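Structure first, commentary second.
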Amino acid sequence: MEKRVVFRGRGLPYLLLAPQLAVTIVFFLWPAAQAVVTSTQREDPFGLSTEFVGLANFRALLADPDYLNSLEVTAVFCVAVAVLSLAAGLLLAALTDRVVRGAPVYTTLLILPYAVAPAVAAALWVFLFNPTVGLVAYVLRALGVGWNFLLDARQAMLLVVIAAAWKQVSYNFLFFLAGLQSIPRSLIEAAAIDGAGPAKRFWTIAFPLLSPTAFFLLVVNITYAFFETFGVIDAVTQGGPVQATNTLVYKVYRDGFLNLDLGGSAAQSVVLLVIVMLLTVVQFRFVERRVHY
Amino acid sequence: MRRRVCLQAAAAVLTLAAGPASAATEIQLWHAMSGANTQRIEAIADGFNQAQSDYKIVATFKGTYAEALTAGIAAFRAGDPPAILQVQEVATETFMVAKGAIRPVEDVMKEAGEPFDPKSYVPAIAGYYTAADGRMLSFPFNSSTPVLYYNKDLLKKAGLDPDKPPRTWEQVGEVTKKLRDAGVPCGYTTTWISWIQLETMAAVHGQEFASDNNGFGGLDARLLIDGPLFLKHIGTLADWQKTKQFDYGGRDNKSTPKFVSGECALFTESSAGYSNVKTGAKFDWGIAPLPYWASVVAKPSNTIIGGASLWVMAKKSPEIYKGVAKFFTYLSRPEVQAKWSTETGYLPVTPAAYDYIKKSGFYEQNPGADVGIEELDPFAAAKVKGVRLGNFVQVRTIIDEELEKVWAGQATAEQALKAAKARGDAELKKFQQANP
């Protein structure tokens, strides 16, 4: 029984939509169109000479081993960040859900990291893990672990994944907790009476009922790992060592802003746009079907 | 609503503040001098503004060099660039080829009728910013050069003379070995791998980092970093990395904490790193010239510069250019130079300013502060003026990346330098094609 408002003319609805449409056009569609145009050009940084080169920038991109490496790095990074932050968020939510006394305190503390700006969060991680002055690095060295993420590609990846995921755990935690709390108590109690233990109750009742939340969070987390982790990578590794943490978004920044290769950078943005569109389509068409609502 | 009130209030305050000087022509200067240097550059602008009343320099901090560069370029594309933009030395070639975007400093000075003699600047500094036709294109504002910092306490601990820092790379090998034997965790570390370990290292041996006179001859220049001197030097550092006689500490100047915390005893860094070391180091330290290979040359040539220069952007009015010229004349004054140089550790850009500082007794009170300028041989014609390449930012990053494989033990010096040459040359070729 949906309630629909029906407008008589066409003028009013368009007028009401206009502000939102204007924002979308000015801040999303227009820049995206600009990126598409720039991606077909070869231009000097100052815009003094512009030459149309068709798909040359894209061909150069696909022939560039650094770019293919960046694709791989991004895939690993996104999956790792999404899995880690979802799993940690779910675990913490499940544990907090069972806390009888002082739950608001735990909840507040667990949400706090979300209020920290990405660059600041990254700075904290750098201070902890800096091979020379970092506290954790000091402990690791005392334990006999050769910690130097400035040289070790795997350690660098591990560090940026942890730093990026840490920030997102709060967000996931909040949604999972809300999801858990909206599950009718009667279902859980009925299962308990039937003799199901806490683990069984979680996996057979709570978990399936959480799947809409989990699906939503999966989309949000992958988008986050794709686009919003720039600050973390810039502050911690700058894409290094070698190119071990040079994700697609970071590479766009490097090539565009530091290297002033506007055409190449725009071509990368366009590819990124297509990847995200595909990802969203895949998620909604295939993953959503298996979700219980 | 509140925001609007704030804005109005701010506007009112600004108008009031600008009141008496409102007749002056405003000249925008965008820079990337962070921390205490922001105030120092503003003090220079203030000094100029108070010395005359026709022009007003407005110095604005725009973030890192890369951010200031991006902001300046974006403003140019939008048709309203700042009159003066501070640009890091790596982007020099990018600006040199962009003829429609800049005004050569020498032209600006001459048109304004300001006294200007390119010869009155330190040749090793001015030469870097001078075009093939002999015109000085940008104003050398903040220049620095690599020097060796050393921890006297650690040298003592290893039974070495704390007042005799190693002068050659051969000695660095011996000293770092003794340091390691004495239990010092790291003998030597460095900042700016490409600039110090390849570009300047080659220069002090009178050799080239890139063909065509290090890129000064034109855009055909290609890297020469797979030559024997480079193989020897990087190969030696790679061997030392295994024994921690050398320990890589990251790109740019990220390795500074390794020296300042007392982990590494020797440290090569820009002369402008002086104030960082001074505020951070809790031990007795000194400054010495950059080492050289005694087996390659008997006497080292001059080092080369880094830092940034001030570029005059196109699309401004003649009146503004006149003010810019007057500002540059003011900037070249020995007392202005001296204040800037002694406070920041950047080099004095004219021999006159160097003399002025010398006479003030500053170098006697701050031993080692003159090592950098002395390395440049300020009164002689520079043998090597530096390295000027297109897409230089990329080339340096490529070198960082490939050599990281060496420090991690994944590649030999030869493999890495060959790979860096191949990738770097591709960038140079790309730049050449884009600027026919």
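The values are calculated or read from the model by the stated rules, or taken from the named source; none is laboratory data. Everything quoted here is computed from the prediction, not taken from an experiment. In this analysis, Cβ positions are derived from the backbone assuming ideal geometry, glycine residues included, and neighbour counts consider all displayed protein chains. For the accessible areas, the whole protein counts, side chains as well, though only heavy atoms, and no ligand, DNA or RNA atoms are used. Shrake-Rupley method; radii C 1.70, N 1.55, O 1.52, S 1.80 Å.
Please average, across the residues of B:67-78, the number of beta carbons from any other chain that are within 10 Å of each residue's own beta carbon, and give a whole number.
Across B:67-78, the average partner-chain Cβ count within 10 Å equals 3.
Which cross-chain or sequence-distant (5 or more) residues have an amide H under 5 Å from the amide H of B:Gly206, H modelled 1.01 Å from N in plane?
Under 5 Å from the amide H of B:Gly206: B:Ser301.
In Å, what is the Rg of the alpha-carbon atoms in region B:126-216, and how long is Dmax?
So, for region B:126-216, Rg and Dmax equal 17.9, 55 Å respectively.
Amide H of B:Trp192 versus every other amide H placed in the peptide plane: which residues, excluding those fewer than 5 positions away on the same chain, fall under 5 Å?
Placed amide hydrogens put B:Asp252, B:Asn253, B:Lys254 under 5 Å from B:Trp192.
Run the 1.4 Å probe and let me know the accessible area of B:Tyr321, rounded to the nearest 10 Å².
20 Å²
Could you grab the Rg to Rh ratio for region B:272-370? Cα atoms only, Kirkwood for Rh.
1.08
Take the Cβ-Cβ distance between A:Asp66 and B:Asp133 as r, set R0 to 25 Å, and report the resulting FRET efficiency rounded to the nearest 0.05.
That pair, A:Asp66 with B:Asp133, gives E of 0.10.
Per-residue accessible area for B:Lys56 at 1.4 Å probe radius, Å² rounded to 10?
60 Å²
Give the interface area between chains A and B as buried accessible surface, both sides summed, probe 1.4 Å, in Å² to the nearest 100.
The buried area between A and B, both sides summed, comes to about 2500 Å².
Using only Cα atoms, find the angle between the long axis of helix B:65-77 and the longest principal axis of chain B, and express it within 0 to 90 degrees, rounded to the nearest 10.
The angle comes out at about 40 degrees.
Please give the FRET efficiency for A:Leu12 paired with B:Glu111, using the beta carbon to beta carbon distance and R0 = 60 Å, rounded to the nearest 0.05.
The pair A:Leu12/B:Glu111 has a calculated efficiency of 0.45.
For region A:163-280, what's the radius of gyration and Dmax over Cα atoms, in angstrom?
Both quantities, over Cα of region A:163-280: 20.5, 67 Å.
Considering only protein heavy atoms, with the full assembly of protein chains and a 1.4 angstrom probe, order B:Ser341, B:Ser53, B:Ser211 by accessible area, largest first.
Descending accessible area places them as B:Ser53, B:Ser211, B:Ser341.
Need one number: nm distance between label points at B:Asp161 and A:Val37, each 7 Å from Cα along Cα→Cβ, rounded to one decimal.
7.0 nm
Can you spot the lysines whose alpha carbon is less than 28 Å from B:Lys358's alpha carbon? Ignore those fewer than 8 places along the same chain.
B:Lys119, B:Lys152, B:Lys164, B:Lys278, B:Lys282, B:Lys299, B:Lys326, B:Lys339, B:Lys383, B:Lys385
In whole Å, how far is the Cα centre of region A:1-57 from that of region B:172-250?
Rounded to whole Å, the Cα centres lie 50 Å apart.
Over region B:281-341, what percent of the accessible surface lies on carbon and sulfur atoms, probe 1.4 Å?
58 percent
When you look at the Cβ of every residue in B:404-411, what mean number of other chain Cβ atoms sits within 10 Å?
4
Can you tell me the dipole magnitude for chain B around its Cα centre, using point charges on the Cβ only (Lys, Arg +1; Asp, Glu -1), in Debye to the nearest 20?
Roughly 740 debye for chain B.
To the nearest µm²/s, what D does Stokes-Einstein give for the protein assembly as shown at 4 °C and 1.567 mPa s, using the Kirkwood radius over alpha carbon pairs as Rh?
45 µm²/s
Non-local amide H neighbours of B:Val58 (under 5 Å, H modeled in plane, Pro and chain starts lacking H): which ones?
B:Ile27, B:Gln28, B:Leu29
Top to bottom by accessible area (1.4 Å), largest first, where do B:Glu374, B:Glu174 land?
If we order B:Glu374, B:Glu174 from most to least accessible, we get B:Glu174, B:Glu374.
Residue-wise, which Karplus ³J(HN,Hα) couplings in Hz belong to region A:30-37, taking 6.51 cos²θ - 1.76 cosθ + 1.60, θ = phi - 60°, and x for glycine or proline?
Taking θ as phi minus 60°, the curve returns 5, x, 5, 5, 4, 4, 5, 4 Hz for region A:30-37.
Put +1 on the Cβ of every Lys and Arg and -1 on every Asp and Glu Cβ in the protein assembly as shown; which of B:Trp407, B:Met96, A:Pro65 then has its Cα farthest towards the positive end of the dipole?
Working it through, the farthest residue towards the positive pole turns out to be A:Pro65.
Need the C-alpha centroid separation for region A:136-150 versus region B:364-407, integer Å.
One Cα centre to the other: 32 Å.
Treating the beta-carbon of each Lys and Arg as +1 and of each Asp and Glu as -1, no other charges, what is the dipole magnitude of the protein assembly as shown about its Cα centre, to the nearest 20 debye?
2060 debye
From the phi of every residue in region B:250-259, what ³J(HN,Hα) in whole Hz does the Karplus formula 6.51 cos²θ - 1.76 cosθ + 1.60 yield, where θ is phi - 60° and glycine or proline is x?
Calculated HN-Hα couplings, in order: x, 6, 6, 10, 5, 7, 3, x, 5, 7 Hz.
From the protein chains alone at 1.4 Å, what is the descending order of accessible area for B:Leu428, A:Leu95, largest first?
Largest to smallest exposure gives the sequence A:Leu95, B:Leu428.
Accessible area per residue for chain B in Å², computed with a 1.4 Å probe and the full protein assembly in place, what is it?
39 Å²
Relative to the longest principal axis of the C-alpha atoms of chain B, give the angle of the C-alpha long axis of helix B:334-344, reported between 0 and 90° and rounded to the nearest 10°.
The helix B:334-344 is inclined about 50 degrees to chain B.
Would you mind putting B:267-274, B:158-165, B:322-329 in packing order, based on average other-beta-carbon counts within 10 Å, highest first?
Result, highest mean first: B:267-274, B:322-329, B:158-165.
Could you please state, rounded to a whole Å, how far the C-alpha centre of region B:60-94 is from the C-alpha centre of region A:207-240?
Taking the Cα centre of each part, region B:60-94 and region A:207-240 sit 33 Å apart.
On the principal axes of its Cα set, how long, how wide and how thick is chain B? Give whole Å, largest value first.
Taking max minus min along each principal axis of the Cα atoms, chain B gives 68, 52, 50 Å.
In peptide A:131-141, how many Cβ atoms from other protein chains are near each Cβ within 10 Å, on average?
The mean count of partner-chain Cβ atoms within 10 Å per residue comes to 3.
Using the Karplus curve 6.51 cos²θ - 1.76 cosθ + 1.60 with θ = phi - 60°, what ³J(HN,Hα) values do you get for each residue of region A:12-20, in whole Hz, with x for Gly and Pro?
Result, ordered by residue: 4, x, 5, 4, 5, 7, 3, x, 5 Hz.
Can you work out the FRET efficiency for the pair A:Ala190 and A:Val281, with r the C-beta to C-beta distance and R0 = 41 Å, to the nearest 0.05?
0.60
Given Cβ point charges of +1 (Lys, Arg) and -1 (Asp, Glu) and nothing else, what value in debye, to the nearest 20, does the dipole of region B:28-165 about its Cα centre take?
360 debye
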